[in-house]
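**Q** My structure is below; once you've seen it, I'll send some questions.
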Amino acid sequence: MIENLCRKIRDNVQKVMVGKDEVINLALVGVLCEGHILLEDVPGIGKTTLAKALAASLGCTFRRIQFTPDLLPSDVTGINWFNQKLQEFEFRPGPVITQIVLADEINRATPRTQSALLEAMQEQQVTIDGLTHLLPRPFLILATQNPIELEGTFPLPEAQIDRFLLRIVIGYPSQSEENSILERFRSSSQLPDLQPVTSSSEIIQLQNERRNIRVEDSVRDYIVRIARATRDHNEIQLGASPRATMALYHSAQAWAAIQGRDFVLPDDIKYMAPHVLTHRLMVSPQAQLRGRQPSQLVTDIVDSISVPVEN
């Protein structure tokens, strides 16, 4: 069931986003794990289009937050305001209280405003003036940022980066795909007309089914050995946290389900490791001087860990 529905969602998203099967599948991994996604690439690649098309296809409530330096935490979470007519305080929910949130250019807001998302991302709730408000399910944050432009931006704190299940780099389209983009959208965009192909209740059901994907003991140990290797590597200053280990476990389950399997293979872990671990690692200053990138280190670590084999 998971494979068939994911195919329907992917086909629907591709009505407005040409190609990019792998990118859409990775976004669906985030949906199945109810984990947040960091879309990081240069402007004009289609980050916002992907987020909007995915939200429209899922049939979930959707809000967009344009992050700017003057954005306040209350602009994200909401406020209690005094209703003079009723002579009492009322809660006015912020845009984060919805099912799918597009945090556009998240690194342009101040650290104080960025931190307003921490509780929502981890605990699926927000606390305002001592009152806790639960967020609707499924809940997913799709955050975008431009890795090239640094002026007027604030780097995301490690605590927040670690709460993103995946980091996805979309990349430029191929020549044929770019021709298809010009042909398909020569008159107008089809995004406003995109119809949902599933519902919130069905997504929650798929998320529960994902948890039943089998992970053998040797495969689970393989995940743990990869995560622990990042902490002992002499070129890595900050390795993967236990939260990252869980993220790799869950995302491997989701990837296996999208491929039509009810069990996880070591290849699923190898494939998901760069998307789950790269953004969480902090490379040592000496390694940075040598031009070493987190993606290279993750690849080296995965290649160095012995793969479990069937007896």
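**Q** Just for the range 213-239: of the residues that are surrounded by 17 or more Cβ atoms within 10 Å (Cβ to Cβ) and of a type in the set (A, V, I, L, M), which one is nearest to Pro285 (Cα to Cα)?
**A** Residue satisfying both the conditions and the ranking: Ile236.
**Q** Also, quick follow-up: Which one of the conditions (1) in contact with a Phe, Trp or Tyr (Cβ under 8 Å, 6 or more places away or on another chain); (2) crowded, with 22+ Cβ neighbours inside 10 Å; (3) over 17 Å from Arg108 (Cβ atoms) does Trp81 fail to meet, given that it meets all the rest?
**A** The one condition Trp81 does not meet is (2).
**Q** Go through the range 109-150 residue by residue and tally those that are touching a residue at least 12 places away in the same chain (Cβ under 8 Å), assigned to a helix (DSSP H, G or I) and under 23 Å from Gln207 (Cα atoms).
**A** 5
**Q** Also, I was wondering about something else. Looking at the range 190-202, which of its residues are surrounded by 12 or more Cβ atoms within 10 Å (Cβ to Cβ) and over 23 Å from the mean Cα position of the chain (by Cα)?
**A** Gln190
**Q** Here is a follow-up. Can you name every residue in the range 134-166 that is in contact with an Asp or Glu (Cβ under 6 Å, 6 or more places away or on another chain) and within 22 Å of Gly239 (Cβ to Cβ)?
**A** Matches in the range 134-166: Pro147 only.
**Q** Can you find a residue that is in a helix (DSSP H, G or I), free of Cβ contacts under 8 Å to residues at least 60 places away in the same chain and of a type in the set (Val, Ile, Thr) anywhere in the range 278-296?
**A** Checked the range 278-296: no residue is in a helix (DSSP H, G or I), free of Cβ contacts under 8 Å to residues at least 60 places away in the same chain and of a type in the set (Val, Ile, Thr).
**Q** From the list Gln175, Gln205, pick out the single residue that is free of Cβ contacts under 8 Å to residues at least 12 places away in the same chain, closer than 22 Å to Val13 by Cβ and surrounded by fewer than 12 Cβ atoms within 10 Å (Cβ to Cβ).
**A** Gln175
**Q** Name the residue, out of Thr113, Thr153, that is closer than 27 Å to Ile45 by Cβ and in contact with a Pro (Cβ under 6 Å, 6 or more places away or on another chain). Walk me through how you get there before you give the answer.
**A** On the way: Thr153 fails: in contact with a Pro (Cβ under 6 Å, 6 or more places away or on another chain).
Exactly one of Thr113, Thr153 is closer than 27 Å to Ile45 by Cβ and in contact with a Pro (Cβ under 6 Å, 6 or more places away or on another chain), namely Thr113.
**Q** Can you find, within the range 151-203, the residue that is modelled with the lowest pLDDT among those that are among the hydrophobic types (A, V, I, L, M, F, W, C) and part of a loop (DSSP other than H, G, I, E, B)?
**A** Looking at residues that are among the hydrophobic types (A, V, I, L, M, F, W, C) and part of a loop (DSSP other than H, G, I, E, B), I get Phe185.
**Q** Please pick out the residue among Arg108, Arg163, Arg137 that is under 30 Å from Phe263 (Cβ atoms), among the charged types (D, E, K, R), surrounded by 18 or more Cβ atoms within 10 Å (Cβ to Cβ) and assigned by TED's automatic domain parsing to the domain that holds Pro73.
**A** Sole residue among the options that is under 30 Å from Phe263 (Cβ atoms), among the charged types (D, E, K, R), surrounded by 18 or more Cβ atoms within 10 Å (Cβ to Cβ) and assigned by TED's automatic domain parsing to the domain that holds Pro73: Arg163.
**Q** Which numbered condition trips up Pro242, out of (1) over 19 Å from the mean Cα position of the chain (by Cα); (2) surrounded by fewer than 14 Cβ atoms within 10 Å (Cβ to Cβ)?
**A** (1)
**Q** When you scan the range 48-93 for strands (runs of 3 or more DSSP E) that lie fully inside it, which ones turn up with 1 or more residues that are at pLDDT 90 or above, assigned by TED's automatic domain parsing to the domain that holds Pro155 and in contact with a helix residue (DSSP H, G or I) (Cβ under 7 Å, 6 or more places away or on another chain)?
**A** 62-66
**Q** Looking at (1) within 30 Å of Asp41 (Cβ to Cβ); (2) among the aliphatic types (A, V, I, L, M); (3) out of contact with any strand residue (DSSP E or B) (no Cβ under 8 Å at 6 or more places or on another chain), can you tell me which one Leu86 breaks?
**A** (1)
**Q** Which is modelled with pLDDT of 85 or more, touching a His at 6+ places or on another chain (Cβ under 9 Å), more than 19 Å from Glu105 (Cα to Cα) and in a helix (DSSP H, G or I), of Leu28, Leu32?
**A** None of the others qualify; the one that does is Leu32.
The values are calculated or read from the model by the stated rules, or taken from the named source; none is laboratory data. Keep in mind it's a predicted model, so treat the numbers as computed, not measured. No Cβ is skipped: glycine too gets one built from the backbone with ideal geometry, and neighbour counts run over all protein chains shown.
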